[in-house]
1. Select, from K351, K357, K320, K299, the only residue that is outside the structural domain of E155 (by TED's automatic domain parsing) and more than 25 Å from the chain's Cα centre (by Cα).
2. Identify all residues within region 149-176 that are over 25 Å from the mean Cα position of the chain (by Cα) and open to solvent by 30 Å² or more (accessible area, probe 1.4 Å); write none if there are none.
3. Is region 340-360 home to any residue that is β-branched (V, I, T), over 28 Å from I159 (Cβ atoms) and open to solvent by 10 Å² or more (accessible area, probe 1.4 Å)?
4. Please work out if A236 is in the same structural domain as G426 (by TED's automatic domain parsing), within 10 Å of the ligand (Cβ to nearest atom), in a helix (DSSP H, G or I) and modelled with pLDDT of 95 or more.
5. Being open to solvent by 40 Å² or more (accessible area, probe 1.4 Å), within 16 Å of the ligand (Cβ to nearest atom) and in a helix (DSSP H, G or I) is true for just one of A200, A212, A179, A206. Which residue is that?
6. Hey, any hits in region 215-233 for a residue that's in contact (Cβ under 8 Å) with a residue 60 or more places away in the chain, in contact with a Ser or Thr (Cβ under 7 Å, 6 or more places away or on another chain), among the hydrophobic types (A, V, I, L, M, F, W, C) and over 29 Å from M353 (Cα atoms)?
7. For region 239-292, what are the residues that are within 11 Å of the ligand (Cβ to nearest atom) and open to solvent by 70 Å² or more (accessible area, probe 1.4 Å)?
8. Please state which of the following conditions L411 fails to meet, knowing it meets all the rest: (1) among the hydrophobic types (A, V, I, L, M, F, W, C); (2) part of a loop (DSSP other than H, G, I, E, B); (3) open to solvent by 30 Å² or more (accessible area, probe 1.4 Å).
Amino acid sequence: MKIAIIGSGYVGLTTGACFAEVGHEVLCVDNDQGKVKSLREGLVPFYEPGLEAMIARNVAAGRLRFGESIAEAVESSLALFIAVPTPPREDGSVDLHYVEKVAREIAGVLHEYRVVVDKSTVPVRTGEKVAQTIERYSKQKADFDVVSNPEFLREGSAISDLMNPDRIVIGASSERAIAIMKEIYQPFRTPVLITDVNSAELIKHASNSFLAVKISYINMISQICEASKADVLLVAEGMGLDRRIGRSFLQAGLGWGGSCFPKDVSAFIRIAEELGCDFRLLKEAASINRQQRERFLKKIREEIWLLRDKTIGLLGLAFKNNTDDTRQSVAMALAENFIQEGAVVRAYDPKAMAKAKQALPELHLCSRGEEVAQGADCVVVATEWEEFRELDWLSMKKRMVTPLVFDGRNLLDREKMAAWGFTYRGIGR
Ligand code: UDX
């Protein structure tokens, strides 16, 4: 099938690469000429395990190409996936102007039947607006369908999430569009749920918000564990063994960050509000998320008192492991707090250092994890990179002023750290 992806950001690029991988003929377009040029040279603008190789393989096989023109996309492809950004506005609502602009541009050149598929995360009823817009601006009154096909990939595991998804959701109202979408996803051999467009759009916001609530729930439990001398790791294990609950997304820590959860939770609160529903549960989850970072800072201050003139070794800058993305990263927010309070921050992250330095030039970057400990009053683990477990902690201890470790992700082995002579503080333990 000939497919065009409009918007070659995180979702667009990874989706396009995976469609090409299963044999479709894919054109990824973007209005950023520089990005298109780099992509044609084989350069991927962000780190995602396996993506660069997958793109190279499919470009070489002639199944994947890059361009700038929506007209070319509409001309060459039966299915047009919209994967443009839907950034948050100041008030938390979703800015849909990129989606609207793409809809108008498609309308301007549409001359025979196409399926317009929305992949971007959008408020419920956006599909209706996209259809109206195409109808209104269509010069040749060609036939089309608008479909919602939300994306559930996680950064850091995008390729495996896309190649082996738990489910594929297709929100469509015409048999013709459903048949085309089923053909596109046939190679993935995964359960496909067909719904109406509005329900598909809601599934995305409802799922992300549910996961955020789940994390906030265990983070609240971690606060109760600290107050009652229980261990949140054991509590999460006991809860997770119940198949109705499940163990995933019960990792207590510094709270959720990234380009999706904070934005989608705020958006869903607003969407509900506009529909006359007060989503207090979600507001509370967002508030617990903020508290979690505040409480962690308080814990550090209680232990080392003033941060002014102290040296803090910071392990992790990305919002989670296996990515170089620092958007809405709790690790970055902590670094900013430390610097504002007058501390020197010696930081290391396996992938996110370039992006972090751009956003926070005051960071002292280290070329190895062990080096953050040099002259440090404490070391803080802020991102769940597996490799931090394997650092040479004994040599780090020798470099530190005081052997104090705050593990914001419960990543390290508490017993081992204590045996090595560290004062170790985790979350909810
Ligand atoms: C999320 C959704 O998982 C994905 O389905 C959607 O398409 C986009 O948003 P992503 O933001 O890439 O994906 O990462 P995810 O792995 O969900 O983690 C989000 C945040 O929650 C990270 O800051 C992570 O550190 C935190 N987290 C996750 C926890 O604190 N505890 C957990 O148990 C899981």
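1. Numbers: K351 fails: more than 25 Å from the chain's Cα centre (by Cα); K357 fails: more than 25 Å from the chain's Cα centre (by Cα); K320 fails: more than 25 Å from the chain's Cα centre (by Cα).
None of the others qualify; the one that does is K299.
2. Quick first cut of region 149-176, residues over 25 Å from the mean Cα position of the chain (by Cα) only: 172-176.
Those that are over 25 Å from the mean Cα position of the chain (by Cα) and open to solvent by 30 Å² or more (accessible area, probe 1.4 Å): S173, E175, R176.
3. If we filter region 340-360 for residues that are β-branched (V, I, T), which is where we start, we get 344-345.
Filter again for over 28 Å from I159 (Cβ atoms), leaving 344-345.
After this cut, where a residue has to be open to solvent by 10 Å² or more (accessible area, probe 1.4 Å) as well, the list is 344.
Yes, region 340-360 contains a residue that is β-branched (V, I, T), over 28 Å from I159 (Cβ atoms) and open to solvent by 10 Å² or more (accessible area, probe 1.4 Å).
4. Values: in the same structural domain as G426 (by TED's automatic domain parsing): yes; within 10 Å of the ligand (Cβ to nearest atom): yes; in a helix (DSSP H, G or I): yes; modelled with pLDDT of 95 or more: yes.
Against the criterion (in the same structural domain as G426 (by TED's automatic domain parsing), within 10 Å of the ligand (Cβ to nearest atom), in a helix (DSSP H, G or I) and modelled with pLDDT of 95 or more), A236 qualifies.
5. Numbers: A200 fails: open to solvent by 40 Å² or more (accessible area, probe 1.4 Å); A212 fails: open to solvent by 40 Å² or more (accessible area, probe 1.4 Å); A179 fails: within 16 Å of the ligand (Cβ to nearest atom).
Selected residue: A206, the only one of A200, A212, A179, A206 that is open to solvent by 40 Å² or more (accessible area, probe 1.4 Å), within 16 Å of the ligand (Cβ to nearest atom) and in a helix (DSSP H, G or I).
6. yes
7. Scanning region 239-292 gives R247, S248, Q251.
8. (3) is the only condition that L411 fails.
The values are calculated or read from the model by the stated rules, or taken from the named source; none is laboratory data. These numbers were taken from a predicted model, which means no experiment stands behind them. All Cβ positions, glycine included, derive from the backbone under ideal geometry; neighbour counts span all protein chains shown. Only protein heavy atoms, including side chains, enter the accessible area calculation; ligands, DNA and RNA are left aside. Shrake-Rupley method; radii C 1.70, N 1.55, O 1.52, S 1.80 Å.
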